[in-house]
Each structure stands twice: as C-alpha cells, then as structure tokens.
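Beneath this line is the structure, given in structure tokens, with notes to follow.
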Amino acid sequence: YFKKIVHINARSFDTLAKNKLNLSEDKIVFIDTNFEHRDRIDRDGKPSEELRLKYLNQLNQFLLKLSSAFNKKVVICLHPRSDINIYKKYFGKFELCKYQTSEYLKKAFIVLFHLSTAISDAILLKKKIICLKSNTFGEYYMDKINYWEKKLGVFSYSLDEKKEIDSNLLLATLENKTKGYDHYINNVLRADNSTLGEDKVIDIVRKEYFVNNTIFE
C-alpha cells in the first residue's frame, strides 16, 4: 500500500514538547475506553445489560478504594462517544470530563486505562500506570488489553479478582515499572530526539515532492 514509510516522533511527543507542562500529582485519572465501543460490538456483539452493570460496579468500587488508599480525588476522562449521563448515574462522586485527557494526565498521581492512544502521554510523562482488566470486556478487547500490557510493560490489575490494595506495595511496584518505559519511548514514541514529527513530514514533502516550489508526481 505504501511506496515509502518514514518513522517520525509520535503525536504525544510533539504535543508535550511544544507545550508548557506544569506537572503535578494531584489526581487519580481514569481514561475511559467506552464499554460499548463500535470495534468491540462489531466483533463480539453488543454486551448485555448485566455485563454493563457488572463492569460499572467493578470500576466504581475499585476507584473508590484507590481514592481512599491514596487520599486523592478521581477524574474520569470519558471517551468522546461515551454517554456522560450513564457515568453521572454510577460515578457521581467523581469528576467527569471530555476532551481534556491530555491536560489531566499532566496532573495525574496514578493513571488507569484499558485501551487508549492517550496512554502514550502518560508513558512520556513517566506517570505511574495501572492497566485494568475485566472479563466483561469480551474476548476481542481482552486480547488487545493483554497485548498492550506486555508491549508497554505496565502493571495490571484484574477488576474480577477484587484484590485488596496494599498502598505502599502498590506504589513501590508502580514506581519501579516507570523505569521500564524508556524502551518503548526510544523505540516507538521518539524517533528523532527533539525533531517534531510534523516538522519532519513537511521537510520530507518539500525535499521529495517539490522542485523550485513546483509539485510533481
């Protein structure tokens, strides 16, 4: 399909490199995947109401425990297509937002996710990350979650098992995991040190497709 492929820095790298970061560790941030995402429905079918309620209750209980263990407020960054009214009903104690994930990741003490491209920001920022698993997600999503857990080298927690939280042990484990992020950063997210991906694209297009400001095929 392609005549040439060029590795450039990831969008997350470009965004963080250009903006003032103002980092903090004030919040526990959960990145929502959208339980009824079209990708999941196309492959495994629409989840039952029973599964949906089980997942929402699992997640709510875990976020409450985590918030209590670390005395931090929880922010749920909703997927653009998630129904905010459903989340207001089940997660009324937490802050809900849309289209602000990148900003909240800069304020994160711990980041939780199932599947999300936004996790690249958290990796670059060396945030403590928990990959949440649940059998309510179905086979297709669980295969992808397991793949990215191994690919990123992050800590995982199964909502199905309902394990108790040892805050000191968990914190030590998460901090140790951040030391392994460099491999993914250097081999996937950062290809050209400080060169922005968008600048490299423009430079390549100019060199390969324009001569004396004239475009050719």
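Of the conditions (1) in a helix (DSSP H, G or I); (2) surrounded by 18 or more Cβ atoms within 10 Å (Cβ to Cβ), Leu112 satisfies every one except a single condition; which number is it?
(1)
Considering each of Asp32, Asp44 in turn, give the residue that is in contact with a His (Cβ under 6 Å, 6 or more places away or on another chain), closer than 20 Å to Tyr141 by Cβ and surrounded by 11 or more Cβ atoms within 10 Å (Cβ to Cβ).
Answer to the check: Asp32.
Take the stretch 47-61 and flag every residue that is free of Cβ contacts under 8 Å to residues at least 12 places away in the same chain and either open to solvent by 60 Å² or more (accessible area, probe 1.4 Å) or among the charged types (D, E, K, R) (or both).
Of the stretch 47-61, the ones free of Cβ contacts under 8 Å to residues at least 12 places away in the same chain are 48-50, 53.
Hits for the stretch 47-61 are Glu49, Glu50.
Only residues that are free of Cβ contacts under 8 Å to residues at least 24 places away in the same chain, crowded, with 16+ Cβ neighbours inside 10 Å and either of a type in the set (S, T, N, Q) or in contact with a His (Cβ under 8 Å, 6 or more places away or on another chain) (or both): list them for the stretch 86-109, please.
The answer is none; no residue qualifies.
Filter the stretch 62-85 down to residues that are under 24 Å from Tyr157 (Cα atoms) and open to solvent by less than 60 Å² (accessible area, probe 1.4 Å), then give me how many there are.
Qualifying residue count for the region: 15.
Filtering the stretch 151-169 down to residues that are open to solvent by 40 Å² or more (accessible area, probe 1.4 Å) and within 14 Å of the chain's Cα centre (by Cα), which residue is farthest from Lys107 (Cα to Cα)?
Per the criteria, the residue is Lys151.
Any residue at all in the stretch 174-181 that's at pLDDT 95 or above and surrounded by fewer than 16 Cβ atoms within 10 Å (Cβ to Cβ)?
Scanning the stretch 174-181 turns up at least one residue that is at pLDDT 95 or above and surrounded by fewer than 16 Cβ atoms within 10 Å (Cβ to Cβ).
Look at Arg81 and say whether it is in contact with a His (Cβ under 9 Å, 6 or more places away or on another chain) and free of Cβ contacts under 8 Å to residues at least 60 places away in the same chain.
Criteria met by Arg81.
The values are calculated or read from the model by the stated rules, or taken from the named source; none is laboratory data. These numbers were taken from a predicted model, which means no experiment stands behind them. All Cβ positions, even for glycine, are placed from backbone atoms using ideal geometry, and neighbour counts span all protein chains on display. Areas reflect the complete protein model, heavy atoms only, side chains present, ligands, DNA and RNA absent. Shrake-Rupley method; radii C 1.70, N 1.55, O 1.52, S 1.80 Å.
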